[in-house]
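The values are calculated or read from the model by the stated rules, or taken from the named source; none is laboratory data. Please read all numbers here as calculations on a predicted model, not as lab measurements. Here Cβ is always computed from backbone atoms with ideal geometry, including for glycine, and neighbour counts include all displayed protein chains. Areas reflect the complete protein model, heavy atoms only, side chains present, ligands, DNA and RNA absent. Shrake-Rupley method; radii C 1.70, N 1.55, O 1.52, S 1.80 Å.
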Amino acid sequence: MKNLVLVGGGHAHLHCLEQLKTDFPKDCRVVVISPSPYQYYSGMFSGFAEGVYSEDDIRIHLRKLSEHVGAEFIEDTIIAVDAKAKELTGADGAVYPYDLASFDIGSQSDIPQAAENYVSSIKPNYRFPEQLLHIRDTAYPVVVGGGSSGVELAFSILAWRKQNKLPANVALFSSASLLHGQGKAASKKIENVGTQKALPFMTGVSVQAIDSISVTASDGKSYPQSGVLWLTGPKSAALFRLSGLATDAGGFLLVNDKLQSIRHPDLFGAGDCITIDRYPVLAKNGVYAVRQGPILWKNLKNRLSGDALLPFVPQTRYVSILSTGEGQAFLTYGKRALHGRIPWKMKQRIDQKFMERYKNLYE
């Protein structure tokens, strides 16, 4: 009997677990290893921040899901991979043998060492709820990072504070324009939305220093802070580099377009923790992770049976919908952008459908 080990419960692995219900590989033991029995869905973090969703609304019971489809769940954090011996090592020294292993563990936030004692992150995502609740109602919450996560959470925290009649006082810092990666038109439009909603944001400045009560920006000014969410971009876990696996310059697991390690054919990966050698600058977001799920599952099965692997081809354009609070959202597709209540209704429907798809397997 072969051991298939799924490390992490990200989007692509959720798809694999769903397929096990009707397509469990013969003569195979499937093990899921994750540091939490819950997998939180980052697409609904903004709704949770605003108070639209409860904690249970935004999480999937990974243990129940795994066991319901016939997989074994182990609560542990993998800290090392011995690709030659085909063994994974957990945080407390437990060793897990594998014939085939896949990683879908997401990424970490790239927090400067000097700021680590003063900031929080949404990663790993199972720690996000308690961190957010700690920061959200403090006197001067600060969000660092003008990408999708930073913008969305700043708007959501602002909306929650308005609902609870607290002073706005939500400072958003971005070293570039807001949503810089989505183009000038999207940046201009979302900044106009920020101005309309009275979101205090500073663009073209970075945080240079942080202490227990303030942040100092590159413009030389000091701003009060009572809690900082640091959301400036993804950073790889040290696991892959320290295990001697092939990685890109940032330490992300380097895979081919079959989502297979370029050096170790019995290791696969998906989501934010990988870089595909053929698409080295592909954005690390949930859209691609979801699309990788079916290809990953087929290739894991084909690797077990000795069949040919299939390539993953990322789409060139995709719909992005970010909550801006108060029943509104910002939708982009290519160069098109739309803000209002219709995008928020679309986002709610998409997110809730995604959660129901997996929760219905075990509830």
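For the pair Arg29 and Lys2, how long in nm is the line joining their label points, each one 7 Å along Cα→Cβ?
Each label point is offset 7 Å from its Cα along the Cβ direction, giving 1.6 nm.
At a Förster distance of 56 Å, what's the computed FRET efficiency of Arg349 paired with Asp110, Cβ-Cβ distance as r, to 0.05?
With a Förster radius of 56 Å, E is 0.95.
Give me the accessible area per residue for the chain, probe 1.4 Å, as a whole number in Å².
On the way: 16470 Å² over 363 residues.
Spelled out: the 1.4 Å probe surface of the chain, per residue, equals 45 Å².
Zone of Leu242 (label point 7 Å along Cα→Cβ, backbone N under 12 Å): which residues in region 83-117?
The answer is 89-93, whose backbone nitrogens lie closer than 12 Å to the label point.
Here is the link list: Lys21/Lys235; Lys189/Lys347; Lys21/Lys64; Lys184/Lys221; Lys21/Lys347; Lys235/Lys353. Which ones come out longer than 22 Å on Cα distance? Could you put the intermediate results ahead of the total?
Numbers: Lys21/Lys235 33 Å; Lys189/Lys347 19 Å; Lys21/Lys64 13 Å; Lys184/Lys221 27 Å; Lys21/Lys347 28 Å; Lys235/Lys353 29 Å.
Exceeds cut-off: Lys21/Lys235; Lys184/Lys221; Lys21/Lys347; Lys235/Lys353.
Could you order the peptides 234-240, 333-339, 43-49 from most to least packed, using the average number of other C-beta atoms within 10 Å per residue? Please list the in-between numbers first.
Working: 234-240: 19.9, 333-339: 14.3, 43-49: 24.0.
Top of the packing list down: 43-49, 234-240, 333-339.
Which trypsin sites (Lys or Arg not before Pro) in region 28-95 pass both tests, a DSSP loop state and at most 13 other beta-carbon atoms within 10 Å? Could the numbers behind the result be given before it?
On the way: sites: Arg29, Arg59, Arg63, Lys64, Lys84, Lys86; in loops: Lys84, Lys86.
Passing sites in region 28-95 are Lys84.
Write down Rg/Rh for region 1-69, rounded to two decimals, with Rg from the C-alpha atoms and Rh from the Kirkwood relation over Cα pairs. Walk me through the numbers on the way to the answer.
Values: Rg = 13.9 Å, Rh = 13.1 Å.
Rounded to two decimals, Rg over Rh is 1.06.
R0 = 22 Å: FRET efficiency of Lys197 with Ala139, Cβ-based, nearest 0.05? Intermediate results must be reported in sequence, preceding the final value.
Numbers: r = 20 Å, r/R0 = 0.91.
For R0 = 22 Å, the calculated efficiency reads 0.65.
When each pair of different Cα atoms in region 117-168 is counted once in the 1/r mean, what is the Kirkwood radius in angstroms, to one decimal?
Working: mean 1/r = 0.0865 Å⁻¹.
In region 117-168 this quantity evaluates to 11.6 Å.
State, to one decimal in nm, how far the label point of Ala249 lies from the label point of Ser214, with both points 7 Å from Cα in the Cβ direction.
Result: 3.6 nm between the two label points.
What does the convex hull of the alpha-carbon atoms of the chain project to on average, in nm²?
Values: hull surface 70.6 nm².
Orientation-averaged projected area of the Cα hull: 17.7 nm².
May I ask for the distance between the Cα centers of region 106-148 and region 253-275, given as a whole number of Å?
28
Report the FRET efficiency, 1/(1 + (r/R0)^6), for Ser222 and Ser54, where r is their Cβ-Cβ distance and R0 is 51 Å, rounded to 0.05. It would help to have the intermediate numbers written out before the result.
Working: r = 37 Å, r/R0 = 0.72.
Computed FRET efficiency for Ser222 and Ser54: 0.85.
Are there trypsin sites (Lys or Arg not before Pro) in region 111-220 that DSSP marks as loop and that have at most 15 other Cβ atoms within 10 Å, and which are they?
Numbers: sites: Arg127, Arg136, Arg161, Lys162, Lys165, Lys184, Lys188, Lys189, Lys197; in loops: Lys165, Lys197.
When the trypsin sites (Lys or Arg not before Pro) of region 111-220 are filtered for loop state and at most 15 Cβ neighbours within 10 Å, Lys165 remain.
Place a label point 7 angstrom from the Cα of Arg127 along the Cα-to-Cβ direction, then list the residues of region 66-104 whose backbone nitrogen is under 17 Å away.
76-79, 91-92
Using the Cα gyration tensor of region 20-115, with a ≥ b ≥ c the square roots of its eigenvalues, what is the shape: rounded (a/c below 1.5), prolate (a/b larger than b/c) or oblate (neither)? It would help to have the intermediate numbers written out before the result.
Numbers: a/c = 2.66, a/b = 1.29, b/c = 2.07.
Cα axes put region 20-115 in the oblate bin.
Summarise the accessible area of the chain (1.4 Å probe, protein heavy atoms) by the percent that is carbon and sulfur. Kindly include the intermediate steps, with their values, before the conclusion.
Working: 8120 of 16470 Å².
Answer for the chain is 49 percent, counting heavy atoms of protein chains only.
When only the heavy atoms of the protein chains count and the probe is 1.4 Å, how do Lys258, Lys347 rank by accessible area, highest first? Don't skip to the answer; put the middle values down first.
Working: Lys258 60, Lys347 15 Å².
The ranking, largest first, comes out as Lys258, Lys347.
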